[in-house]
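For reference, the structure is listed below as structure tokens.
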Amino acid sequence: MKIRITSDSTCDLDRQNIEKYNIGILPLSVILGDERIYRDGIDLTPQNIFDYVAETGKLPKTCASSVEEYTEGFEKNLEGYDALIHFNISSKASSSYFNAAKAAEEFGGKVIAVDSHALSTGQGLLILKACEMAEAGMRPEQIAEAVNALRPKVNTSFVPDSLDYLHKGGRCSLASLIGAKVLRLHPMIEMRDGQLMATKKYVGSMDRCLRNYINDLAAEYPDYDKSRCFITHSHCEPETVGKVRAIVKEKFEFEEIIETLAGSIITSHCGKGTLGVLFISK
């Protein structure tokens with residue numbers, strides 16, 4: 001049985017794995033100003049986001065794909081396949097899942113929409129597991145059940161360099177923003193039950209905060225899936241990413257450490273310099 005795996009563009013997967021497993025990417029949209037609509041990863045890059053915010057002082061708006069857009073995307077990606085499994089950004093962060101699930105009803109059971117309860121490469125981790133299961137010969141229903149069981153074990157977390165974007169988006173008060181700048185605070189943002197929340201605060205330089213962040217991850221998750229982890233960031237300096245990779249190698253035993261850049265949807269909310277280490281716990 002030939003199964004196609006597809007995803008919202010919010011999965012932030014690397015080109016190598018997208019091509020290896022022929023993963024179909026359905027772009028969500030970003031609105032700059034009042035009218036201009038761009039497709040994530042096609043018409044727009046994170047640098048466009050940085051430039052727009054710097055020029056206007058405003059955040060772009062992000063929007064889910066419509067039922068009609070999902071229907072069209074599923075039709076296209078089903079060609080040559082017996083079934084399709086689509087992964088959405090958490091339903092508590094976007095209406096994408098509900099629209100995709102509605103569109104899936106039109107395909108007589110050939111399309112399954114999965115609410116990842118994650119975003120970025122937390123979503124991507126589940127997608128790669130699904131690809132491996134499909135290659136192993138599992139049926140679509142079995143794959144969906146297995147990845148749904150894995151959702152609570154996915155560590156989706158990150159540390160922003162600045163709270164400016166979170167403040168502009170209404171997710172951080174002015175007092176918190178000022179306090180963070182004065183005290184050099186960097187919160188750890190985690191996905192819990194499909195929702196993002198600040199769980200810890202680190203003090204000092206970004207390099208110091210990232211080291212403490214990774215140390216905390218190692219302490220909290222002593223048992224983990226060693227097959228892979230992602231270091232996903234929104235255009236951090238190469239030196240910073242290199243230091244993070246070295247610490248991850250020191251603290252963990254992953255067979256593969258994959259670096260990816262956050263796309264326009266994720267960047268619109270977290271801003272430049274955000275970094276996360278994402279993996280699956282046991």
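The values are calculated or read from the model by the stated rules, or taken from the named source; none is laboratory data. These figures come from a predicted structure and were not determined experimentally. Here the Cβ positions follow ideal geometry from the backbone for every residue, glycine too, while neighbour counts run over all protein chains shown. Keep in mind that these areas ignore ligands, DNA and RNA; they rest on the heavy atoms of the full protein, side chains included. Shrake-Rupley method; radii C 1.70, N 1.55, O 1.52, S 1.80 Å.
Considering only region 198-208, I want to know if a residue exists there that is among the hydrophobic types (A, V, I, L, M, F, W, C) and within 18 Å of the chain's Cα centre (by Cα). Checking region 198-208: at least one residue is among the hydrophobic types (A, V, I, L, M, F, W, C) and within 18 Å of the chain's Cα centre (by Cα). Being of a type outside the set (Asp, Glu) and either under 27 Å from ALA93 (Cα atoms) or in contact with a helix residue (DSSP H, G or I) (Cβ under 6 Å, 6 or more places away or on another chain) (or both) is a description that does not apply to LYS249. Counting only residues that are within 17 Å of the chain's Cα centre (by Cα) and aliphatic (A, V, I, L, M), how many does region 50-79 have? Summing the residues that are within 17 Å of the chain's Cα centre (by Cα) and aliphatic (A, V, I, L, M) in region 50-79 gives 1.
Take the conditions (1) open to solvent by 20 Å² or more (accessible area, probe 1.4 Å); (2) modelled with pLDDT of 85 or more; ASP161 misses just one of them, which is (2). Among the residues of region 257-279, is there at least one that is out of contact with any Asp or Glu (no Cβ under 7 Å at 6 or more places or on another chain), in a loop (DSSP other than H, G, I, E, B), acidic (Asp, Glu) and farther than 26 Å from ILE31 by Cβ? Among the residues of region 257-279, not one is out of contact with any Asp or Glu (no Cβ under 7 Å at 6 or more places or on another chain), in a loop (DSSP other than H, G, I, E, B), acidic (Asp, Glu) and farther than 26 Å from ILE31 by Cβ, which makes the answer no. Is region 237-249 home to any residue that is part of a loop (DSSP other than H, G, I, E, B) and in contact with a strand residue (DSSP E or B) (Cβ under 6 Å, 6 or more places away or on another chain)? No, region 237-249 contains no residue that is part of a loop (DSSP other than H, G, I, E, B) and in contact with a strand residue (DSSP E or B) (Cβ under 6 Å, 6 or more places away or on another chain).
Within region 197-214, the set of residues being closer than 24 Å to ILE257 by Cα and open to solvent by 50 Å² or more (accessible area, probe 1.4 Å) comprises ASP207, ARG208, ARG211, ASN212.
Checked against (1) open to solvent by 30 Å² or more (accessible area, probe 1.4 Å); (2) part of a helix (DSSP H, G or I), PRO222 passes all but condition (2).
The residue of region 173-196 that is farthest from the chain's Cα centre (by Cα), among those that are open to solvent by less than 60 Å² (accessible area, probe 1.4 Å) and at pLDDT 65 or above, is LEU185. Checked against (1) modelled with pLDDT under 95; (2) open to solvent by less than 20 Å² (accessible area, probe 1.4 Å); (3) small (Gly, Ala, Ser), GLY276 passes all but condition (1). Restricting attention to region 92-118, the residues being free of Cβ contacts under 8 Å to residues at least 24 places away in the same chain and acidic (Asp, Glu) number 1.
Screening region 1-100 for helices (runs of 4 or more DSSP H) wholly inside it with 2 or more residues that are open to solvent by 60 Å² or more (accessible area, probe 1.4 Å) and at pLDDT below 85 returns the ranges 46-56.
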